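Novice: Take this structure, written in structure tokens, and hold onto it; I'll ask about it next.
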Amino acid sequence: MATKLRVETIVSSPFEENTYVLWRDGDPRCVVIDPGLEPGAVIACIEENGLEPAAILITHGHTDHIAGNAGMKQRWPDCPLVIGHGDAPKLTDPWANLSATHGFEIVSPPADKLVAEGNTYEAAGISFEVRETPGHSTGHVVFISREADGVQVWGGDVLFAGSVGRTDFPGCSFEVLRESIETQLFTLEDEAVVYPGHGPTTTIGKEKRTNPFVGKAVR
């Protein structure tokens with residue numbers, strides 16, 4: 001039987017973005033999701049736990065979720081960088097990834113692997129289902145792991161505890177985001193845990209009942 005996942009969260013300033021490091025007890029391999037603007041803290045977490053990254057998964061190509069890619073690839077050059085096909089161009093384009101609009105330019109290494117709706121990606125003994133969830137970003141994806149202790153959604157900036165991702169960036173749409181949430185996330189089990197790109201974890205059931213943007217009261 002597979003051991004339970006361990007999850008460490010590293011919060012990067014100034015956007016309070018969540019980077020996740022996950023692995024199984026007894027397995028030296030790990031997966032890193034959305035390395036933020038403080039890659040040193042992510043690298044320290046990995047090394048302190050005696051781990052080796054097997055993959056870097058990117059939910060979408062905005063600055064705060066890709067800023068640590070270069071540092072990660074410099075430290076572990078053979079670790080594959082994985083992103084949805086629709087947001088791959090943002091990695092190397094400072095205007096598309098919004099860093100240039102904030103007054104600094106971030107260029108990530110290009111993707112090693114592109115994923116799309118319905119794909120399964122496996123790394124460090126963990127299987128991830130890929131679902132496309134545009135709205136906050138045109139090529140946004142979420143990664144869903146189904147473990148013995150439940151379903152976990154590595155959700156980027158789609159659904160937050162009591163909120164949703166911004167839709168005032170170029171190419172964003174609240175209507176598209178709401179459809180992504182209703183068709184791709186709210187169809188999951190109520191007990192599914194959401195690990196968002198910002199803020200605390202939540203569950204699908206809680207957001208269906210109480211989220212003021214897409215919850216029961218407004219559906």
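Novice: Which of (1) touching a residue at least 40 places away in the same chain (Cβ under 8 Å); (2) farther than 16 Å from Pro35 by Cβ; (3) touching a helix residue (DSSP H, G or I) at 6+ places or on another chain (Cβ under 6 Å) is the odd one out, the single condition Ile106 does not satisfy?
Specialist: Condition (2) is where Ile106 drops out.
Novice: Further question on the same structure: Would you mention how many residues in the stretch 5-56 are farther than 20 Å from Ala67 by Cα, open to solvent by less than 60 Å² (accessible area, probe 1.4 Å) and touching a strand residue (DSSP E or B) at 6+ places or on another chain (Cβ under 7 Å)?
Specialist: Looking only at that region, the number is 5.
Novice: Also, quick follow-up: Please note which strands (runs of 3 or more DSSP E) are completely contained in the stretch 9-108 and include at least 2 residues that are touching a Lys or Arg at 6+ places or on another chain (Cβ under 9 Å) and at pLDDT 95 or above.
Specialist: Values: elements: 17-24, 29-33, 52-58, 81-84.
Filter on the stretch 9-108 gives 17-24, 52-58, 81-84.
Novice: Further, regarding this structure: Does the stretch 58-68 contain at least one residue that is more than 16 Å from the chain's Cα centre (by Cα) and among the hydroxyl-bearing types (Ser, Thr, Tyr)?
Specialist: No; the residues of the stretch 58-68 include none that is more than 16 Å from the chain's Cα centre (by Cα) and among the hydroxyl-bearing types (Ser, Thr, Tyr).
Novice: I've got another one for you. Quick one: which residue in Leu37, Leu22, Leu114, Leu91 is of a type outside the set (Gly, Ala, Ser), closer than 21 Å to Val153 by Cβ and free of Cβ contacts under 8 Å to residues at least 40 places away in the same chain?
Specialist: One residue alone meets the criteria, Leu114.
Novice: So in the stretch 180-219, with the set limited to residues that are of a type in the set (Val, Ile, Thr) and more than 17 Å from Gln152 (Cα to Cα), which one is nearest to the chain's Cα centre (by Cα)?
Specialist: The residue in question is Val214.
Novice: I would also like to ask the following. Of all residues in the stretch 160-219 being assigned to a helix (DSSP H, G or I) and aliphatic (A, V, I, L, M), which is most open to solvent (accessible area, probe 1.4 Å)?
Specialist: Only one residue fits best here, namely Ala217.
Novice: Kindly indicate whether any position in the stretch 193-206 is in contact with a Leu (Cβ under 7 Å, 6 or more places away or on another chain), at pLDDT 95 or above and farther than 23 Å from Glu16 by Cβ.
Specialist: no
Novice: For the stretch 145-159, give me the residue count where each residue is out of contact with any helix residue (DSSP H, G or I) (no Cβ under 7 Å at 6 or more places or on another chain), buried (at least 20 other Cβ atoms within 10 Å of the Cβ) and over 15 Å from Phe213 (Cβ atoms).
Specialist: Result for the stretch 145-159: 2.
Novice: Of a type in the set (A, V, I, L, M, F, W, C), free of Cβ contacts under 8 Å to residues at least 12 places away in the same chain and out of contact with any Asp or Glu (no Cβ under 9 Å at 6 or more places or on another chain) - does that describe any residue in the stretch 207-218?
Specialist: Yes, the stretch 207-218 contains at least one residue that is of a type in the set (A, V, I, L, M, F, W, C), free of Cβ contacts under 8 Å to residues at least 12 places away in the same chain and out of contact with any Asp or Glu (no Cβ under 9 Å at 6 or more places or on another chain).
Novice: So, of the residues in the stretch 95-143 that are among the small types (Gly, Ala, Ser) and within 15 Å of Gly171 (Cα to Cα), which turns out to be surrounded by the most Cβ atoms within 10 Å (Cβ to Cβ)?
Specialist: By that ranking, first place goes to Ser137.
The values are calculated or read from the model by the stated rules, or taken from the named source; none is laboratory data. Computed from a predicted structure; not experimentally measured. A quick note on method: Cβ atoms are made from the backbone with ideal geometry, for glycine too, and the neighbour counts reach across all protein chains shown. Ligands, DNA and RNA are excluded from the accessible area calculation, which covers all protein heavy atoms including side chains. Shrake-Rupley method; radii C 1.70, N 1.55, O 1.52, S 1.80 Å.
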